[in-house]
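Colleague: First the structure, which I've put down as structure tokens, then a few questions once you've had a look.
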Amino acid sequence: MIKSMTGFGRCEIADEKRKFTVELKSVNHRYLDVNMKMPKKLNFFESAIRSLLKKYMERGKVDLYISYEDYTEDNYALKYNEGLAGEYLKYLNAMAETFHLENDVRVSTLSRYPDVFVMEEQEMDEEELWNGLQKAICGACEQFVETRIREGENLKKDLCEKLDDLLAGVDFIEERSPQIMQEYRSHLTEKIQELLGDTQIDEGRIATEVTIYADKVCVDEETVRLRSHITSMKETLSEGGPVGRKLDFIAQEMNREANTILSKANNIEISDVGINLKTGIEKIREQIQNIE
């Protein structure tokens, strides 16, 4: 299947403990460029997430958004720092003795000193956490790929129509070119007859002039190559897969042949068709930039 590089996917996975929400969106890019935004506690999984995404996409500038909600109530534990409390008490006693003050320190007073009691987050079950996160990412990626495929099929249809228009232009040039040679020969013969009157015309000389003219304006090789490139692009589109770079290369070759045809054109009809060929190829190249 042909895939567009424009896509969107979203998935939400929730149970009694936690909820993951994953959103993906992408635009065109020469390579795979992933930008992640997620809670710090999930940063540990960044490498695994990148490896997982590569199974679903090869090119595009991708923005990944992950939100996480923890419903568990036993996620934190109160920690008593006995050593620190002892240090506070030791220095308070020393102050009372040095300055001859009454030591009125109570337990409730000491407990309010910094870091004597702290709330500490319990260690996460990484495997359980990853399983939930992975499901959410895979669900979003599957939806993401579906949107890319739908858009890719539309691109494929549009490109095939544009390629058919190019083939029609090539057909016209191949049909018209021999007629131009005949018209040039007839025109040349008429001009010579006007100049020489009843004098015998040298057919060999006319043939030579027509041959020289044909060498300058003949585009047979170019139309053959252009037709071949058009066919190759259609076949590549039918094969599917990540073919964007290959299609772009073929389009460059097509443009080169169209430029040569236009530069050799010595007929207004062929010039017009040559311009249409270049315009059509440029439109094709623009569309190809959207293909993975």
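Colleague: Just to check I understand the Karplus step: with θ = phi - 60° and J = 6.51 cos²θ - 1.76 cosθ + 1.60, what whole-Hz values come out for segment 50-59, glycine and proline as x?
Modeller: My calculation for segment 50-59 gives 4, 5, 5, 4, 5, 6, 10, 8, 10, 9 Hz in order.
Colleague: A follow-up question, please. So how much slack lies between Lys135 and Asp164, counting 0.36 nm per residue of separation and subtracting their Cα-Cα distance, in nm? Please report the intermediate quantities before stating the final value.
Modeller: Numbers: separation 29, 0.36 × 29 = 10.44 nm, distance 4.34 nm.
Length difference between fully extended and current span is 6.1 nm.
Colleague: Could you rank the peptides 220-229, 88-97 by their average count of other C-beta atoms within 10 Å per residue, with the highest value first?
Modeller: Values: 220-229: 17.4, 88-97: 12.7.
In decreasing order of mean packing, 220-229, 88-97 become 220-229, 88-97.
Colleague: Once amide H atoms are built 1.01 Å from N in the peptide plane, which residues 5 or more positions from Val34, or in another chain, come under 5 Å H to H?
Modeller: Val62
Colleague: Just list whichever of Lys234/Lys278; Lys3/Lys55; Lys157/Lys246; Lys25/Lys278; Lys3/Lys157; Lys3/Lys61 have alpha carbons separated by over 22 Å in the model shown. Don't jump to the answer; show the numbers that get you there.
Modeller: Numbers: Lys234/Lys278 18 Å; Lys3/Lys55 14 Å; Lys157/Lys246 18 Å; Lys25/Lys278 33 Å; Lys3/Lys157 12 Å; Lys3/Lys61 14 Å.
The pairs that break the limit, which is 22 Å between Cα atoms, are Lys25/Lys278.
Colleague: Applying a 10 Å radius around every beta-carbon, put 33-40, 273-280, 262-269 in order of their mean neighbour count, most first. Intermediate values should be presented prior to the final figure.
Modeller: Numbers: 33-40: 12.6, 273-280: 18.4, 262-269: 14.5.
Sorting 33-40, 273-280, 262-269 by mean packing, highest first, produces 273-280, 262-269, 33-40.
Colleague: Quickly rank 155-166, 243-254 as a protection proxy: mean count of other C-beta atoms within 10 Å, highest first. Working shown, then result.
Modeller: Numbers: 155-166: 16.0, 243-254: 17.8.
Going from most to least packed, we get 243-254, 155-166.
Colleague: Report the full-extension gain for the segment Thr21 to Val107: residue separation times 0.36 nm, less the Cα-Cα distance, to one decimal in nm.
Modeller: Values: separation 86, 0.36 × 86 = 30.96 nm, distance 4.50 nm.
Length difference between fully extended and current span is 26.5 nm.
Colleague: Could you tell me which of the pairs Lys41/Lys79; Lys19/Lys40; Lys162/Lys283 are separated by over 19 angstrom between their Cα atoms in the structure shown?
Modeller: Values: Lys41/Lys79 21 Å; Lys19/Lys40 16 Å; Lys162/Lys283 8 Å.
The answer is Lys41/Lys79.
Colleague: Using r as the Cβ-Cβ distance of Gln252 and Asp272, and R0 as 22 Å, what FRET efficiency do you calculate, to the nearest 0.05? Please list the in-between numbers first.
Modeller: Values: r = 23 Å, r/R0 = 1.05.
Between Gln252 and Asp272 the formula returns 0.40.
Colleague: Stokes-Einstein D for segment 76-121 at 25 °C, 0.890 mPa s, Kirkwood Rh over Cα pairs, in µm²/s?
Modeller: Working: Rh = 11.5 Å.
For these conditions, the coefficient is 214 µm²/s.
Any read-out appearing in this document is the output of simple, stated calculations on the displayed coordinates, not a laboratory observation. Every value quoted in this text rests on a predicted model; they were computed, and no experiment measured them. Quick reminder, even Gly has a Cβ in these numbers, built from the backbone with ideal geometry, and neighbours come from all protein chains shown.
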